[in-house]
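Structure record follows, encoded as structure tokens.
Just so it is clear, none of the values below were taken in a lab; they were calculated from the coordinates. Small disclaimer: the values here were computed from a predicted structure and weren't measured. Note that each Cβ is placed from the backbone with ideal geometry, even for glycine, and that neighbours are counted across all protein chains shown.
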Amino acid sequence: MATLKNGLADLNAEGLISKSVFVEGKMAGNADFTSPTPTLAALALAREALVEANAAASDGGRSAFLAKRLAMENLRGLLRDLSGYVVSIAAGSEKVIVSSGFDVRRSPEPASSLTTPGDLVARFTEFPGEVEVDWRADRAVRLSQVFINAEDPADESKWVSVGTTTKSRFRVTGLETGKFYWFRVQSTGVAGRSPMSDVAKSLAA
């Protein structure tokens, strides 16, 4: 369902005038909006009043600036009311909202997928039965899970989780010395899970 975005709050006098002209043009004779509230005639009068007040304020003068501000508030209010009317008619239809000259609020883009943990390396350490695994992690990673396979890296059923870490390295302990092991890593974050990393092999010395 589409949501209307009137975008009026930050518009200056010229922006409000341009927006009003655009909306008036889009809604005039538009079959979706047969009885605009407020009327397009009222909107046009408020716009013309702002044009005059804006021109008068260009020469300075406190009263002229006050008149300009009031004219801006009046036109902004009418446009805001009209956007409410559009919302009630459009019932969430993006096509109808856009046809009125108002914009549609875009949904936030979903977080991009995490990249695959890269440059995975596994190496034995100075301690018997230990292998240190490190890799390059995406900045958006919150947690990485390390998997080990002691038999056949091609057999998915032989992969088991050996631990998790918030860092981009992990030391696996308690391994059988003189035996080869395979390792891989998968990361998780707000964007979900990353693809599984490539496999690294190391001897547990």
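I'm trying to understand the selection: among the residues of the range 170-179, which are surrounded by 14 or more Cβ atoms within 10 Å (Cβ to Cβ) and part of a strand (DSSP E or B)?
Phe170, Arg171, Val172
State yes or no: is Arg184 in contact with a Ser or Thr (Cβ under 8 Å, 6 or more places away or on another chain), among the basic types (Lys, Arg) and crowded, with 19+ Cβ neighbours inside 10 Å?
So Arg184 passes the test.
Restricting attention to the range 38-70, which residues are surrounded by fewer than 14 Cβ atoms within 10 Å (Cβ to Cβ) and part of a loop (DSSP other than H, G, I, E, B)?
Thr39, Ser58, Asp59, Gly60, Gly61 - these are the residues of the range 38-70 that are surrounded by fewer than 14 Cβ atoms within 10 Å (Cβ to Cβ) and part of a loop (DSSP other than H, G, I, E, B).
Among the residues of the range 25-70, write down those that are within 13 Å of Ser100 (Cα to Cα) and either touching a residue at least 24 places away in the same chain (Cβ under 8 Å) or among the small types (Gly, Ala, Ser) (or both).
Gly25, Lys26, Met27, Ala28, Gly29, Asn30, Ala31, Asp32, Phe33, Ser35, Pro36, Thr37
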